[in-house]
Amino acid sequence: MHNRVMESGGSGEELVVAFEQLVRYVRQVSTAGGLSPAASSVLSRLGREGPQRVTELARAEGVSQPGMTQLVTRMERDGLVRRIASTDDRRGVLVEATDAGADVVGQRHAERAEALRELMDRLDPQERSAVLIALPALARSVQAHTSK
């Protein structure tokens, strides 16, 4: 596939289809906690980046503040997150993952890692090597692009 994508004039349509299939597969195998994609994304973000304001979460996730407030309220009710006072601004409120929320994130990561390991095991050594080089490079590119 690598050569076909590169020979297609750079349109990358095959790469997009492959990426979408991979994302869909990873989402399907991540069932711990029974989370929606939005809740999973917020919980993962809180696990990676630590406590955040609802406004920061809404902006980062590309949703409205009222929508994020509703999501956080549901997740709080489910025991996955809690609201805490900001140490920087006494009026400010932050959202942080609870231990139960962190456990769900850990379980989902383990499910995804196992699914990806199984997929990688099906590749020949050259394909496996290419993936191990390409995916971290793409992740670095995303990180550089989003931290501007």
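In the chain, Cα pairs under 8 Å separated by at least six residues give a relative contact order of 22 percent.
Can you list the trypsin sites (Lys or Arg not before Pro) in region 33-108 that are in a DSSP coil and have 14 or fewer other beta carbons within 10 angstrom? Passing both the DSSP loop test and the Cβ count: Arg90, Arg91.
Among Ala97, Ala32, Ala85, the largest mean-square fluctuation in a Gaussian network model of the chain, built with springs joining Cα atoms closer than 10 Å, belongs to Ala85. Candidates Val131, Ala60, Ser36 compared by Cα position along the dipole of the chain: farthest toward the positive end lies Ala60, with charges placed on Cβ.
Scalar couplings 3J(HN,Hα) for region 100-116, obtained by applying the Karplus form with A = 6.51, B = -1.76, C = 1.60 to θ = phi - 60°, are 5, x, 5, 5, 5, 4, x, 5, 5, 4, 5, 4, 5, 4, 5, 4, 5 Hz; x denotes Gly and Pro.
Taken one residue at a time, the phi angles of region 67-81 give Karplus couplings (6.51, -1.76, 1.60, θ = phi - 60°) of x, 5, 4, 5, 5, 4, 4, 5, 5, 5, 4, 7, x, 8, 9 Hz. Gly and Pro are set to x. Taking Cα centre as origin and charging only the Cβ of basic (Lys, Arg, +1) and acidic (Asp, Glu, -1) residues, the dipole magnitude of region 81-139 rounds to 300 debye.
Annotation: amide H of Val81 within the under-5 Å range of Glu76, Thr98, sequence separation 5 or more or interchain, hydrogens built in the peptide plane. Rg/Rh for the chain stands at 1.05; both radii use Cα atoms, and Rh follows the Kirkwood definition. Each Lys and Arg Cβ is given +1 and each Asp and Glu Cβ -1; about its Cα centre, the chain then shows a dipole of about 500 debye. Only helical runs count toward this figure. For the chain, summing -39,500 (n - 2.57) over DSSP H runs of n ≥ 4 and dividing by all residues gives -22500 deg cm²/dmol at 222 nm.
Only the coordinates and a few stated rules stand behind these numbers; no lab work does. Because the structure is a prediction, the values reported are computed rather than measured. Heads up, the Cβs are rebuilt from the backbone with ideal geometry, glycines too, and the neighbour counts pull from every protein chain shown.
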